[in-house]
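One structure is given below, encoded as structure tokens.
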């Protein structure tokens, strides 16, 4: 059974917008109301679950045989095991809780490859879309990575690692080595949005240890906009999709980050 990925992408865009409207009702309530006895963690979990439930119901109604992996509920393996949705219903939950930008990420995998996806930032009303081999777009405008090659003008995104991450030992020493000569380091607070910022040139590069569900769409966006994606040691998706140690960057920033990260303890798939 073949599908037009244009129509599949249109469905992903439509449900991402719906989930955006839903999550914005929670977003507004959190800023305006006392959360009370539930506490912020329970509140954001409720928003996460509501968003993923809406997306699941919408996509299963249209593609009942396809498989589904989300952040909030156990994965579903459908009769069609080749097609699998990867959904992060709120990427950037700390941002969400603090009234900052977050994203809704919907990727479609076919076999071991992301073939299309939509990434929606409801706060900014930015819809990033891509179909493999067809380019990356922001609200319908084609994207290209920054051409910046001057190290002193590079702007690099990352996250601040915590002790539960593999990359924690030595992470701040590595960050200092990366930070010293570049123009700026920025923490966007959403893996997917960081990758999208590389795709549209707001960041020249991004590196972090994160998860495939978080940035599957973001990686496709960056690649389709002319970016390079590897793990920290220059290896391909068979490594970074399993370990989460990813570099997403324009060519010059990729070379720079590869040089600065190559001495990190190497992480291999389990």
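The values are calculated or read from the model by the stated rules, or taken from the named source; none is laboratory data. As the structure is a computational prediction, the values presented were derived from the model and not from experiment. Cβ placement follows ideal geometry from the backbone for every residue including glycine, while neighbour counts extend to all protein chains displayed.
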Does residue 84 meet the test of being within 18 Å of the chain's Cα centre (by Cα), farther than 22 Å from residue 27 by Cβ and without any contact (Cβ under 8 Å) to a residue 60 or more places away in the chain? yes
With respect to the numbered conditions (1) within 15 Å of the chain's Cα centre (by Cα); (2) at pLDDT 95 or above, which one is the sole condition not fulfilled by residue 260? (1)
Segments classed as helices (runs of 4 or more DSSP H), wholly inside the range 168-257, with at least 2 members that are within 22 Å of residue 126 (Cβ to Cβ) and either more than 15 Å from the chain's Cα centre (by Cα) or at pLDDT 95 or above (or both): 191-199, 212-224
Filtered residue count, the range 73-90, keeping only those that are modelled with pLDDT of 95 or more and in a strand (DSSP E or B): 11
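Matching residues to (1) assigned by TED's automatic domain parsing to the domain that holds residue 240; (2) surrounded by 20 or more Cβ atoms within 10 Å (Cβ to Cβ):
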{"residue": "99", "(1), (2)": "no, no"}
{"residue": "109", "(1), (2)": "no, yes"}
{"residue": "113", "(1), (2)": "no, no"}
{"residue": "116", "(1), (2)": "no, yes"}
{"residue": "124", "(1), (2)": "no, no"}
{"residue": "129", "(1), (2)": "no, yes"}
{"residue": "140", "(1), (2)": "no, no"}
{"residue": "144", "(1), (2)": "no, no"}
{"residue": "156", "(1), (2)": "yes, yes"}
Top-ranked residue in the range 86-97 [being surrounded by fewer than 24 Cβ atoms within 10 Å (Cβ to Cβ) and touching a helix residue (DSSP H, G or I) at 6+ places or on another chain (Cβ under 6 Å); ranked as nearest to residue 129 (Cα to Cα)]: 93
Please name all residue pairs, on different chains or six or more residues apart, with Cβ atoms under 6 Å, provided the first residue is in the range 12-38 and is under 16 Å from residue 93 (Cα atoms) and the second residue is modelled with pLDDT under 90 and surrounded by 14 or more Cβ atoms within 10 Å (Cβ to Cβ). 35/43
